[in-house]
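Below is one structure, written out as structure tokens, with a few remarks after it.
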Amino acid sequence: MVGGSGTGKSVLLRVVVGLIPPHRGTVEVFGQDISKLDSDAMRRLEARWGVLFQDGALFSSLTVTQNIQVPLKEHLKLSQHLMDEIAAMKIALVGLPPDTGAKYPAELSGGMRKRASLARALALDPELLFLDEPTAGLDPIGAAAFDALIRDLQKSLGLTVFLVTHDLDTLMTICDRIAVLVDKRIKIGTMAELLHDTHPWIHAYFHGPRGRAALAAHGGAQEG
């Protein structure tokens, strides 16, 4: 999902995951209207998705391993030994070294915190992964590596990924369909379709200097 600053992309994501109630309309996830679910049903639904917020939202007083184990403790009844093994596996899955588990968020670089947060989002083996500005604050090399990680995880784990981003490189690396939040409405299409959209904001976004640079870097594949 893309859109101009202040259009409500992150707010919409928070509505979808139930953190903010909608003023109008309905939100359906996995075919279920979340406004009609009781607390137990909502907990079961939440166990089927993972969320990576823009700032990572790691608990600063917990180690990386302990952060990853938070959703495990909330939704499952597992031994500490098994939770330790799961955390170690998730740390490896996102490309972090094994000793990361014993570190606190403040001891990690920005890119490592993103990966640690992703490991926590993947703790329950979700079917659906929500990402809010996953490459925000990362340098171009770190952002490209994170994009590649998400793409590889999506393919290997069979994930559906819903992400909010401004990054055209992220769109071209990861996304099959793009939703544009513009004029308080959503337009959905493939990259090829949106490249030919005549709406002024959409045209400026995809055909401005950064859009042209991203297209050139990716070989213009999405145009065809």
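The values are calculated or read from the model by the stated rules, or taken from the named source; none is laboratory data. What you see is a predicted model, and the numbers here were worked out from it, not measured in a lab. Here the Cβ positions follow ideal geometry from the backbone for every residue, glycine too, while neighbour counts run over all protein chains shown.
Data for the structure
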read-out	value
All positions within the range 66-81 that are hydrophobic (A, V, I, L, M, F, W, C), assigned to a helix (DSSP H, G or I) and closer than 21 Å to LEU157 by Cα	ILE68, LEU72
Of all residues making up the range 33-65, the number that are within 20 Å of GLU127 (Cβ to Cβ), charged (D, E, K, R) and not in a loop (DSSP other than H, G, I, E, B)	5
Contacts under 6 angstrom Cβ, first residue in the range 48-69 being modelled with pLDDT of 95 or more, partner of a type in the set (D, E, K, R), 6 or more apart	VAL64/LYS103; ASN67/ARG120; ILE68/LYS90; ILE68/ARG120
Extreme residue, surrounded by the most Cβ atoms within 10 Å (Cβ to Cβ), among residues of the range 73-120 that are of a type in the set (Gly, Ala, Ser) and without any contact (Cβ under 8 Å) to a residue 12 or more places away in the chain	ALA92
Residue in the range 163-176 that is surrounded by fewer than 17 Cβ atoms within 10 Å (Cβ to Cβ), modelled with pLDDT under 90 and under 17 Å from PHE53 (Cα atoms) present	yes
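Results for (1) closer than 19 Å to ASP183 by Cα; (2) loosely packed, with under 14 Cβ neighbours inside 10 Å, shown as yes or no for each residue.
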| residue | (1), (2) |
| --- | --- |
| GLY4 | yes, no |
| LEU12 | yes, no |
| VAL17 | no, no |
| VAL27 | no, no |
| PHE30 | no, yes |
| LYS36 | no, yes |
| ARG43 | no, yes |
| TRP49 | no, no |
| LEU52 | no, no |
